[in-house]
1. Please work out if ALA370 is in a strand (DSSP E or B) and touching a Leu at 6+ places or on another chain (Cβ under 7 Å).
2. Looking at the range 565-655, what helices (runs of 4 or more DSSP H) fall wholly within it and have at least 2 residues that are at pLDDT 95 or above, in the same structural domain as GLY684 (by TED's automatic domain parsing) and among the hydrophobic types (A, V, I, L, M, F, W, C)?
3. How many residues does the range 746-766 hold that are buried (at least 21 other Cβ atoms within 10 Å of the Cβ) and either modelled with pLDDT under 95 or within 23 Å of ARG558 (Cβ to Cβ) (or both)?
4. Evaluate the following for ALA578: is it surrounded by fewer than 23 Cβ atoms within 10 Å (Cβ to Cβ) and either within 20 Å of ASP449 (Cβ to Cβ) or of a type in the set (A, V, I, L, M, F, W, C) (or both)?
5. Residues in the range 716-745 that are in contact with a strand residue (DSSP E or B) (Cβ under 9 Å, 6 or more places away or on another chain) and surrounded by fewer than 24 Cβ atoms within 10 Å (Cβ to Cβ): how many?
6. Considering only the range 266-298, state which residues are surrounded by fewer than 22 Cβ atoms within 10 Å (Cβ to Cβ), more than 18 Å from the chain's Cα centre (by Cα) and not aliphatic (A, V, I, L, M).
7. Of PRO671, PRO706, PRO675, which residue is surrounded by fewer than 18 Cβ atoms within 10 Å (Cβ to Cβ) and not polar (S, T, N, Q)?
8. Look at VAL685 and say whether it is out of contact with any Phe, Trp or Tyr (no Cβ under 6 Å at 6 or more places or on another chain) and in a strand (DSSP E or B).
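The values are calculated or read from the model by the stated rules, or taken from the named source; none is laboratory data. Predicted, not measured: the structure shown is a model, and the values here were computed from it. Ideal geometry is used to build each Cβ from the backbone, glycine not excepted, and the neighbour counts take in all protein chains shown.
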Amino acid sequence: MQFRTRPLLRRVALTGAALLAAAAALPQAATAAPAPDAADSGPSGGGLSAVIRYTENGIPHILAKDYAHLGFGTGWAQAADQVCVLADGFVTVAGERSRWFGADAAPDLSLSSATKNLSSDLYFKGVRESGTVEKLLATPAPAGPSKDLRELMRGWAAGYNAWLAQNKITDPACKGAGWVRPVSTTDVAARGFAVSVLGGQGRGVDGITAAQPPARTAGASPQTAPQPQAQAQPAPDPATAAEAAKAFFDSTRYDMGSNAVAFAGSTTASGGGLLLGNPHYPWQGGRRFWQSQQTIPGELNVSGGSLLGTVVVNIGFNEKAAWSHTVATGTPVNLHQLTLDPADPTAYLVDGKSEKMTERNVSVQVAGGAPVTRTQWWTRYGPVITGLGTGLPLPWTTATAYALNDPNAANLRGSDTALALGKARSVAGVQAALKRTQGLPWVNTVAADSAGGTLFTQTQVLPRITDELAARCSTPLGRATYPSSGLAVLDGSRADCALGSDPDAVQPGVFGPGRAPTLLNAPYAENSNDSAWLANADRPLTGYERIWGTVATPRSLRTRGAVEDVAAMAAKGRLTVADLQAQQYANRVPAGDLAAADAAKACAALPGGRATGTDGTAVDVSAACGVLAAWDRTADSASRGALLFDRFWRRLTAGTPAKDLWLVPFSAADPVRTPRTLNQAAPGVGRALADTVAELKAAGIALDAPLGEHQFVVRGGVRLPVGGGTEALGVWNKIEAPWDAAAGGYPEVVHGSSHIQAVGWDGGPCPVARTLLTYGQSANPNSPYYADQTRLFSQERWVKARFCERDILTSPKLKVLWPRERR
């Protein structure tokens with residue numbers, strides 16, 4: 001396909017003296033290529049190249065003539081900002097962490113849940129040596145990646161490699177490191193594969209790589225490499241396993257989450273839709289977002305955030321539509337309980353016939369030691385696994401083993417979905433893109449368009465576990481775990497318990513998009529990581545299978561607060577982007593609205609103003625009563641009493657069951673307002689007050705200290721106060737920070753609000769958008785874009801998005817690069 005890029009490229013080159021002066025000020029390596037002219041087919045006239053226009057806060061607007069060139073510009077620009085984080089991830093997917101960082105060191109959990117480098121390497125090296133990614137790359141679309149996506153990945157690898165070859169690394173995290181290396185298209189695709197299985201195999205890496213059979217009977221073939229001895233474990237108790245599975249798949253406990261809301265034109269001032277997206281992702285490591293605009297004239301023009309190492313905009317907007325994602329409640333895996341061959345624990349029975357497991361012998365290089373070789377065991381259903389997390393053991397005995405089915409291990413379509421979303425012109429187009437590509441592994445989609453449409457849909461790749469199949473084929477373990485968590489444990493000895501296929505699914509064994517919970521054109525559509533049920537409280541979604549999520553069950557405080565807020569906004573009407581901005585930084589604490597006044601009353605009623613702490617010590621808590629009563633019920637950085645309530649509430653909810661905490665229990669008929677009314681007589685109330693007051697006093701922290709004095713980050717030696725609050729408080733602007741009293745309280749954010757976008761349309765030619773990348777474009781402390789947006793976040797400010805050409809070219813911070821391959 002031919003694209004007309006020369007007129008636009010010429011316009012960029014001839015914009016005027018200010019533009020040329022900006023380009024002349026760039027580092028020599030970046031400006032070595034001449035400006036394009038009419039004789040060039042692109043900026044370099046040779047290999048892959050792109051035009052990158054940087055505006056405020058280091059946001060690149062990447063212009064290219066086709067997908068390979070666009071990938072090149074994207075790979076170059078990502079490397080310029082995040083080379084060390086990217087290189088670390090490529091070490092992970094190559095299975096080489098033990099070689100470079102030691103076998104027992106811990107990965108950063110960006111690309112799997114592996115607790116040690118060795119287990120991470122055994123898994124990813126096994127993926128490499130089995131050719132999994134190469135097979136997926138070779139699968140024709142729509143089941144496999146499109147030609148356009150393959151070209152993007154090829155170009156991205158070339159752009160990353162060109163940046164490495166033409167620039168010096170200044171980030172101390174990897175400056176001079178031997179593990180920073182060029183990458184291939186397969187490396188880029190392997191990173192995409194890791195993202196796809198994050199919710200499935202990625203969460204079971206330790207259990208997959210540790211799985212070893214019990215001692216074999218005489219005559220069985222020996223293992224090909226020395227293995228650790230399988231440890232005898234008791235069979236999982238169904239009731240205990242049900243609770244463990246519920247906790248394991250509880251999306252509110254993940255280190256990723258999100259809020260997103262779309263408002264229909266009937267609620268807005270302009271009649272166009274509005275979208276506020278607020279993902280809660282890690283602030284460090286390989287799951288950071290990165291901002292850009294990607295443009296192929298006449299083909300693609302999209303702006304937004306990309307997960308590092310991905311070649312597309314994952315959440316964002318174009319001229320006519322905007323979308324965000326929220327982590328979904330769908331359970332992306334299931335288990336098959338195997339009945340083993342009595343003569344061989346590495347064979348299993350299906351309809352009475354024995355099938356041998358497939359052995360994968362994987363060797364990993366280890367720093368300072370001999371290579372480590374382990375065997376992994378695979379079945380027709382997937383890998384044998386001996387546990388999901390620490391709470392759900394799945395022991396491999398002489399009679400039984402468990403295999404993990406993760407359909408996203410056959411899904412390399414996620415970036416095709418993002419690419420299709422970037423081209424959508426309406427919420428109908430968004431829905432069509434999701435149906436056509438079917439690549440989202442573990443997220444919902446919330447979207448709005450310029451015509452005033454809204455969409456919520458849980459179109460994601462899930463095992464095709466119907467309630468009927470679960471009822472017919474669940475083992476005793478599965479009959480406990482499926483109702484509690486959506487985790488089906490099916491009888492693997494029966495062929496009639498195999499997963500079926502839907503006619504509209506592009507992949508066997510998964511639900512088609514027609515089965516996904518979907519809400520179209522409601523006045524508002526909102527999700528905060530609970531199930532689809534209350535995407536709009538006035539139009540509840542029901543009738544979906546348990547694996548998608550629950551119906552008529554208690555919602556998180558964040559969901560309840562969000563639904564209250566957005567329903568009130570929709571009812572008020574005449575909404576604009578400014579209203580979205582106000583919602584993002586409102587920092588209302590739903591837990592405070594529900595319980596702070598009653599907590600203050602319970603405090604004031606304590607005899608002598610004293611309460612007994614966990615250690616039995618009587619503590620004078622009288623000063624806390626007035627602080628709680630006077631608190632403004634927000635988590636603003638200036639809020640006095642927010643820190644006291646935060647520490648009290650965490651303790652109280654951690655140690656008090658919900659049935660004892662509230663006087664009015666949950667009602668499915670009133671799910672947003674229940675449960676409510678704090679039980680002031682609950683014994684945990686006084687104990688939590690005593691422990692909190694003692695803790696803050698010991699740390700030298702005043703009970704009424706402003707939150708931002710003790711919830712902050714340090715960048716460049718400067719403390720930046722941070723507003724927002726933890727999951728238990730229900731704050732929309734979610735912030736998770738470990739407590740460190742010696743360091744002053746909450747001295748670093750680990751995950752929370754990340755790439756925020758507030759998008760609308762006012763009838764003009766360009767979308768109206770405000771964005772913020774809370775941690776900035778670069779992890780390099782020497783970069784000017786290391787902390788600039790964090791300072792804005794601390795000040796509750798925004799970045800005005802520059803989407804249209806006139807806005808880009810008139811930026812006072814405009815700098816232009818013409819990077820190219822040097823062959």
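1. no
2. Hits in the range 565-655: 590-604, 622-630, 642-655.
3. The number of residues fulfilling the criteria is 11.
4. yes
5. Result for the range 716-745: 12.
6. Kept after step one, since they are surrounded by fewer than 22 Cβ atoms within 10 Å (Cβ to Cβ), are these residues of the range 266-298: 266, 269-271, 282, 284-285, 296-298.
From what is left, the residues that are more than 18 Å from the chain's Cα centre (by Cα) are 266, 269-271, 296-298.
Answer for the range 266-298, where residues must be surrounded by fewer than 22 Cβ atoms within 10 Å (Cβ to Cβ), more than 18 Å from the chain's Cα centre (by Cα) and not aliphatic (A, V, I, L, M): SER266, SER270, GLY271, PRO297, GLY298.
7. PRO706
8. So VAL685 does not fit the description; no.
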